[in-house]
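Below is one structure, written out as structure tokens; comments come after it.
The values are calculated or read from the model by the stated rules, or taken from the named source; none is laboratory data. Owing to the predicted nature of the structure, the values given are computational and were not obtained by experimental measurement. Heads up, the Cβs are rebuilt from the backbone with ideal geometry, glycines too, and the neighbour counts pull from every protein chain shown.
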């Protein structure tokens, strides 16, 4: 447990020491909120969808968590290249504990990033129905963060260069984001797109957030939670296995 705590704390310290990283990572979510929220808002409202900002904000919060979480895996490659990972792996602790500590740290950082975007969204008109729903929302935010931190760690465990990691991650997460219902409703989609969205784990995270904030979940909050939790456990297992096979 001490190892898990140390690695968790190290990830958080890294995040807060890099002010440029915090500020820079807010640019894209803010652009999406303003450009899409106000640009497509009138069209969405005329189509009978209501307030587009209310619909869009959970998707952009999830996007911020997604990118921060999955790119935390690049630190595995960075630590491997500069020797810190070797020092960690030769310590008399299990690799599973090391992986869990890194994953929890990356997930915590991603959740903090999502919370910052959540606060920013209030300045563009987003509102929540019930303050108590924040507890449910934070659970979904942390599950999304755990899922994609574990995914990032799994990918980084089988790669040795940062450029390859960035290419593969971008190839994966962009379709995951755009086919998750983050920017458009899942109801009434063409059948093939609906099937793809239902197979996308991010869809359940965003839907759960939307349900917590505005009681408008497409799948239902309980199915969202159960499916997302199951995928998190599966990916943590896969990530732990691949991390245990890293050659030093």
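Go through the stretch 196-218 and give me each residue that's farther than 21 Å from residue 151 by Cβ and surrounded by fewer than 17 Cβ atoms within 10 Å (Cβ to Cβ).
Of all residues in the stretch 196-218, those farther than 21 Å from residue 151 by Cβ come to 210-218.
Matches in the stretch 196-218: 215, 216.
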Q: Go through the stretch 38-82 and give me each residue that's part of a helix (DSSP H, G or I) and surrounded by fewer than 16 Cβ atoms within 10 Å (Cβ to Cβ).
A: 38, 39, 42, 43, 45, 46, 78, 81, 82
Q | residue 136 vs. criteria in a helix (DSSP H, G or I) and under 30 Å from residue 165 (Cβ atoms) | A | no
Q: Take the residues in the stretch 179-194 that are loosely packed, with under 13 Cβ neighbours inside 10 Å and outside any loop (DSSP other than H, G, I, E, B), then tell me which one is modelled with the lowest pLDDT.
A: 191
**Q.** the stretch 1-33, subset at pLDDT 70 or above and not in a helix (DSSP H, G or I), residue nearest to residue 120 (Cα to Cα)
**A.** 26
Q) Which of the residues spanning the stretch 88-121 are touching a helix residue (DSSP H, G or I) at 6+ places or on another chain (Cβ under 9 Å), more than 20 Å from residue 235 (Cβ to Cβ) and either modelled with pLDDT of 80 or more or not in a loop (DSSP other than H, G, I, E, B) (or both)? A) 88, 89, 112, 115, 116, 117, 118, 120, 121
Q: Starting from residues that are modelled with pLDDT under 85 and surrounded by 14 or more Cβ atoms within 10 Å (Cβ to Cβ), keep the ones in the stretch 133-163 and report whichever is nearest to the chain's Cα centre (by Cα).
A: 156
